[in-house]
Amino acid sequence: TALYEAFRQGQPSPLTPLPVQYPDFAVWQRGWLQGEVLDAQLAWWTQQLAGAPRALALPTDKPRPPQRSARGATFPVRLSPALSEAVETLAHAEGATPFMVLLAAFQTLLHRYSGQDDLLVGTPIAGRRHAETEGLIGFFVNTLVLRTRFDGRPSFRELLARVRTTTLGAYEHQDIPFERLVEAVHAPRDLSRTPLIQSLFALQNLPDTEVRLPELTLRPVEVDLATTKFDLDLSLGRTERGFEGVLSYSTDLFEPATARRLSEHLVQLLEGAVAKPDAALDALPLLTAEERQWVLEEWSGETAPFEADVPFHTRFEQQVTRTPKAPAVVMGDTSVSFHQLNVRANQLAHSLRNLGVGPDVPVAFCLERSPEAIVAILGILKAGGAYVPLDPAAPEARKAFILENSGAAVLLTTQTQLAAWQPTARHVVRLDADARRIESSSPGNPRSGVRPEHLAYVIYTSGSTGMPKGVMIQHRSLAHLRHAMNETCFHRASRPMRASLNAPYFFDASVQQLSLLLDGHCLFLVPEAVRRDPEAMLAWVEQHRIDLLDCTPSQYQLLLEAGLLERDHVPSLCSIGGEAMDEVTWRTLAATDRTWAFNAYGPTECTVNATIAAIQGSPMPTPVIGRPLLNMDVYVLDANLNPVSVGVPGELYIAGEGLARGYRNRPDLTSERFIPHPFSTEPGARMYRTGDRVRWMQDGTLEYLGRLDFQVKLRGYRIELGEIEAALRASPGVRDATVLLREDVPGLPRLVAYVTPEVDTAPLRSHLQRSLPEYMVPAAYVALPVLPLTPNGKVDRKALPVPADGPANIETSVGPRNEGEARIAALWAEALGVSSVDVRTSFFELGGHSLLAVRLMAAVNRATGQKLPLSTLFQAPSVERFAELLAAGDVSKPFTPLVPFTKEGTGRAPPFFCVHPVGGNVLAYSELARRLGPDQPFYGLQARGLDGEGEPLDTVEALAASYVRVVRGVQPHGPYHLGGWSLGGVIAYEMAHQLREAGEAVELVAMIDSYVPQTVPDTEPNLDRTLAVGMFAQDLMGVSLADLDVDTAELATLEPEAALAKVLESAARTGTLPPGVEAANATALFQVFEANLEAARRYHPPAMDQRVLRIQADELVDDTGTGDGGWTALVGDRLESHRLPGTHYTLLREPVVQTVAELLAKALREAGKA
């Protein structure tokens, strides 16, 4: 106000001159923050963040994009005056501040949503620790990382004490700039997330009242920002009305409804916390009354009457009278009618009754898939018994345990099976050898005396104690399953269906298919050899004109890849279940109109299916497991059996008609998993705790998030990892063991075993095969000195390493062995920001990338006094090979665009020449070249000027002419194979034109996400400098200028070097720039980028009769509007197009690069045959 008044009256400033200016502070800080001071601060933060989680695992409404953007929105947050005062009262009573109370509440909210017991939240701090800086105008703000642990089930009061301690410690060590901290703790870089922290909390102390000055009034204005720098950012301030502010959220991840719920839940949580600060955090309420009504009443499930008193076999007999001659079971050339099946089952049933089989009597069978197995199942049920299926391929010990635990006195099998197994059952019936005796029994329907509560089957699943457990299912539950599935899915069939029976009999998914017999549908048994071969399976489906196909997501994914939806015949219905569905399969089925598929979820304990999600036309971008079947109730509860809100993960509990009686001869386990129903008034009502982590979606469907315990599903089999671990611990020499289901390669899950001590792992597989079925035997084994532990003393599964291929080969890292290697290794380590490197490992395998490669070569050139091209790093990517190359001399060669990835293949394949993208370098092609294999010679073509020496070429024609000369030096004459990513494809096209004009043949031009340039007139000025810098930042670092704290207006006035410096400085502050990169290293790259950009804008591609393979990213908008990048207009029907999932930048990364390599390899093979 004093300054304003003086300015208004034309008077000089009345303020006392400042003792220091902002540059003085910057110089002082740089000089002070080094040596012991810096080491002490870094040591505190390193210890504070040791073992911290890499990311905040909040469940999102949308799939996380591979590259984050700044798109966001805000939702208002308001605490009532009474609640605001209660927050301040609690803070005062606990010796804390309102900031700490609010932070503790926000962190608790994140904990409840994510399920993480350890999380990081950022907070800005003013940074004005010294009196001299109080009145100084300048940017002092820093970001602190506040870590909170929730172990030990603390109360809110206890958590507040932890938050207070952490916050005060952080204040004492607030001088480390955030970007320096990111570098110091080696935070992993992920373009989809901000480093270290993905959520921010700020409590502003600025007054919100208006300020009145002469002739001027200042008042706050609410601004609805459309950007955010984090996944979630809660900013509050104290007003006369209480604490108010906004929750900013990423619109790439969250819907507005979720932001509203988060805000409401924060208020609910705070009200509970200040009222009962000694209550455990997980007992504090989140739900509003309206939400409670939805999740307990509206969405939990519907009821409908059904005929529960008609057992399975009786309903089958009723169908026999309706369609006696219709085919019931088909396998190969064998077809069995309903009448024939009924007669054979009756004969077996009478024979079994003579052996004492009746209601609730278990009867085991061990049979390969065949019509005889269906006869066995029906015969057991008709006799009144409960069938117990055994896997013929299971180890003898497992089959013997199931026989003993089930109490089955009768075993149905064949003479062939008995040749390799001596079962201990009292009665062994051989369906082949004893066929004549069985056929002498009565063909009439027996009277079984079965009631709805009697057992229909006992199926054994993996058990955590090391032994499988038998799930007992009653006839009433089978009647419910048939009725519910008919109402939900099978009503779509207007005639009897030809349905596959793909699932094994010892897998409960087979029960769903068997129940189709009760309504006259015909079962086609899939031969075992066909099940394992996708191509054979598709031929089988087409041959038999299958209407309903059943399989697991893993198998269905293989069928899709083999072309299921492109076949002439596609099953009209597809039943998919048994494990979590992948996103690609979900999206494919949601978009097709060739089949109606449903995603079925249900534990064995709930009679096959508990929920169903129709996939076709689903608006959900990711898989859901849908809604409960009729007469099933589902609840998502927390650890205290309280219902959780929409979007909040919890454990799935299931009640209703499908519940099993329990586990065979395991009353302890039955009472543990089947608990009293807390929301039912029916006496004796029970609820099954699944151990599955799920959440409600906004439309009332359920999303599956994984297991709460260590039970997993693999290829449809439910596996208790504890059972495998118990078997491993019984192996000679093994002291301890842990097993994980890993998916290090997307789409390829596998079991991995970790054992201690460092034993030879080679014999472990054969040891496990003696006691476990094949699907439970791990695919990989890792021997460790000790298993890593969490602070709580539990195995730290996140710290277990990715397994190497093949048996364990314990090998220490190799350090420098001579002076030359030592000198190069030091440069490698400095560039990578590590203490040491293995001299045999590639720079790129150690985490090197394009900018670090430029920086490394600059350091090598300074250290050696030689001018080495960047391509040297490709020729010798390890310290060992690089030192050898230097020692051999003659490495200071003139620049060449040619970068050999694979110089000479082991075969005779012509070389493939791959032109650089707009950035100029070819580092992005390293993985593609590796995937094509050693038989394919692969040369990259890099741009002149990357090393800062020489001017970049500025037209596509000049670039192409330069590269044609180099290519002809390797391959004097055609036919040529050319290609490139992005602009590289355009340049390759021009190279093809020039080679054809010279009379050479070009068999293939391969374009990876290349578009016909949008050409501008020659009179058009060059691209705006700010836009060019922004595009460069996007291309190089995966960020836009909107993500960075830069003044775009100022950038437009600067020279390239200064503009780049501004951008890189901001990128370093936000953690998007790799450590150690300087503006000088990037200037040369920008000059090449800008020249290539302008070259593309001036290029007019000619029309040619040229074969072009084009691979396009799904998520990049085709600006041409034609869907072909504009190339059809130039090459006509010689264009072959493919669309792959991902973005422009992910096509050459895992996992999509594998598909790119396969398409390219196929095209190269076809070109060679032409």
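All of the numbers you see were taken from the coordinates with simple rules; none came from a lab. These numbers come from a predicted model, not from an experiment. All Cβ positions, glycine included, derive from the backbone under ideal geometry; neighbour counts span all protein chains shown.
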Exposure proxy check on LYS276, LYS399: fewest-to-most Cβ neighbours within 10 Å is LYS276, LYS399
If each K or R counts +1 and each D or E counts -1, the residues other than LEU144 whose Cβ falls under 12 Å of its Cβ total -1
Once the dipole of the range 628-730 is set up from charges on Cβ (+1 Lys and Arg, -1 Asp and Glu), the residue from the list ILE719, GLY650, ALA685 lying farthest towards its positive end is ILE719
Classified through the alpha carbon gyration tensor (a ≥ b ≥ c as square roots of its eigenvalues; rounded if a/c is under 1.5, else prolate when a/b is larger than b/c, else oblate), the range 108-201 comes out oblate
Ordered by fewest other Cβ atoms within 10 Å, a rough proxy for footprinting exposure, LYS382, LYS229 read LYS229, LYS382
Summing -39500 (n - 2.57) over every DSSP H run of at least 4 residues in the chain and dividing by its residue count gives a helix-only mean residue ellipticity at 222 nm, to the nearest 500 deg cm²/dmol, of -10000 deg cm²/dmol
Percent antiparallel among DSSP beta bridges confined to the chain, rounded to 5, stands at 55 percent
Whole-number value, in Å³ per residue, for the convex hull of the alpha carbons of the chain is 216 Å³
Helix 879-888: inclination vs the chain longest Cα principal axis, degrees, rounded to 10, gives 50 degrees
So for the range 296-449, using the alpha carbon gyration tensor with a ≥ b ≥ c as root eigenvalues (a/c under 1.5 gives rounded; past that, a/b versus b/c decides prolate or oblate), I'd call it oblate
Taking a ≥ b ≥ c as the square roots of the eigenvalues of the Cα gyration tensor, with a/c under 1.5 meaning rounded and otherwise prolate when a/b exceeds b/c and oblate if not, the range 22-286 is rounded
Note on the chain: contact order normalised by length, alpha-carbon pairs under 8 Å, 6 or more apart, percent, works out to 7 percent
On each of the three principal axes the extent of the alpha-carbon atoms of the range 222-317, given in whole Å and largest first, is 75, 37, 20
Once Lys and Arg are counted +1 and Asp and Glu -1 for all other residues with Cβ under 14 Å from that of THR424, the total becomes +1
By the mean-Cβ-within-10 Å protection proxy, highest first, 855-865, 25-35, 312-322 rank as 312-322, 855-865, 25-35
With T = 25 °C, eta = 0.890 mPa s and Kirkwood Rh from C-alpha pairs, the Stokes-Einstein D of the range 39-179 in µm²/s is about 142 µm²/s
Once phi for every residue in the range 644-652 is put through the Karplus expression 6.51 cos²θ - 1.76 cosθ + 1.60 (θ = phi - 60°), the whole-Hz ³J(HN,Hα) values, with Gly and Pro written as x, are 9, 7, 4, x, 9, x, x, 8, 7
Most packed first (mean Cβ within 10 Å per residue), the peptides 303-311, 284-292, 267-275 order as 267-275, 284-292, 303-311
Taking ASP39, ASP838 and counting other beta carbon atoms within 10 angstrom, the fewest-first order is ASP39, ASP838
